[in-house]
Amino acid sequence: MFSIYSNFRKGKFSQGLTIQLFIIIGLIYSSVGSLQAQQVKELQSYMAEENIGKEDRLYKMIYGATPTIVIANNTKVNPKEAYPQKVDVDGSSLRFLNEKDPLFRTVKMIQIHITDSSQIASVSLGTSLFESFSNLKYIFILSDVALTSQEVLRMSAGFENTDILIFYQVAIPQ
């Protein structure tokens, strides 16, 4: 690389080398541009940025009456509806997501509810945890304790090459 630069400075740079150099720079630029870290967004900020209102599908999925599988206190309750769109799981019951449940294939959102600070260190959302979720688009982490975006990034390591959006919200009970 130094010899290319040296020849360029001396005026001995051929047209072929110029094209090669631009191709190399283009490849480096495009590969660096595609290496993005997983974007973790605070829910309210994301909704404001994207102008998501009450009629939006994401809003309805979070706040509306969505057919939901509820997993809490190591117990799983399936909805009466045939095609659940959401799983609501507490931070201590994540192991249930490893099950090969056919209902998981229709789920678009997993909401993880962190109820105490000890769960922050123990929650790890590796992509293998979600193998049965073929239609998963969103992971929403709702925390009852203080939680930073860096902690959510640590929890969601491994999602860099997915299209899954990860949101979090801290809602400390009064």
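The values are calculated or read from the model by the stated rules, or taken from the named source; none is laboratory data. Remember, it's a predicted structure, so these values are computed and weren't measured experimentally. Note that each Cβ is placed from the backbone with ideal geometry, even for glycine, and that neighbours are counted across all protein chains shown. Accessible surface is based on the protein model in full, side chains and every heavy atom, while ligands, DNA and RNA are left aside. Shrake-Rupley method; radii C 1.70, N 1.55, O 1.52, S 1.80 Å.
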Phi angles of the stretch 163-168, converted by Karplus (6.51 cos²θ - 1.76 cosθ + 1.60, θ = phi - 60°) into ³J(HN,Hα) in whole Hz with x for Gly and Pro, give 9, 6, 8, 10, 10, 8
Using amide H atoms built 1.01 Å from N in the peptide plane, name the residues 5+ places from Thr148, or on other chains, whose amide H lies under 5 Å from its own. none
Tyr138: accessible area at probe 1.4 Å, nearest 10 Å²? 40
How long are the semi-axes of the ellipsoid equivalent to the stretch 114-174, from square roots of 5 times the Cα gyration tensor eigenvalues, in whole Å, largest first? 22, 12, 11
Net charge of Cβ neighbours under 13 Å - reference Tyr168; Lys, Arg +1; Asp, Glu -1: -1
Given the whole protein assembly as supplied and a 1.4 Å probe, what does the accessible area of Thr162 come to in Å², nearest 10? 50
Rounded to one decimal in nm, the spacing of the 7 Å Cα→Cβ label points at Ser134 and Glu42 is 3.8
I need the phi-derived Karplus couplings for the stretch 147-154: 6.51 cos²θ - 1.76 cosθ + 1.60, θ = phi - 60°, integer Hz, Gly and Pro marked x. 8, 9, 5, 5, 5, 5, 4, 5
Pull out the extension gain between Ser122 and Arg154, defined as 0.36 nm times the separation in residues minus the alpha carbon to alpha carbon distance; nm, one decimal. 10.5 nm
In order through the stretch 81-90: 3J(HN,Hα) via Karplus (6.51 cos²θ - 1.76 cosθ + 1.60), integer Hz, x for Gly, Pro: 5, 6, 10, x, 9, 9, 10, 10, 10, 7
With the convex hull built on the alpha-carbon atoms of the stretch 37-170, volume per residue in Å³ sits at 104
Probe radius 1.4 Å, ligands and nucleic acids left out: which of Lys60, Lys80, Lys86 has the largest accessible area, and how do the rest follow? Lys80, Lys60, Lys86
Placed amide H near Ile164: partners under 5 Å, 5+ positions off or other chain: none
Just by accessible area at a 1.4 angstrom probe, what is the order of Val123, Val77 from largest to smallest? Val77, Val123
The stretch 39-87: which GluC sites (Glu not before Pro) are DSSP loop and have at most 14 other beta-carbon atoms within 10 angstrom? Glu50, Glu55, Glu81
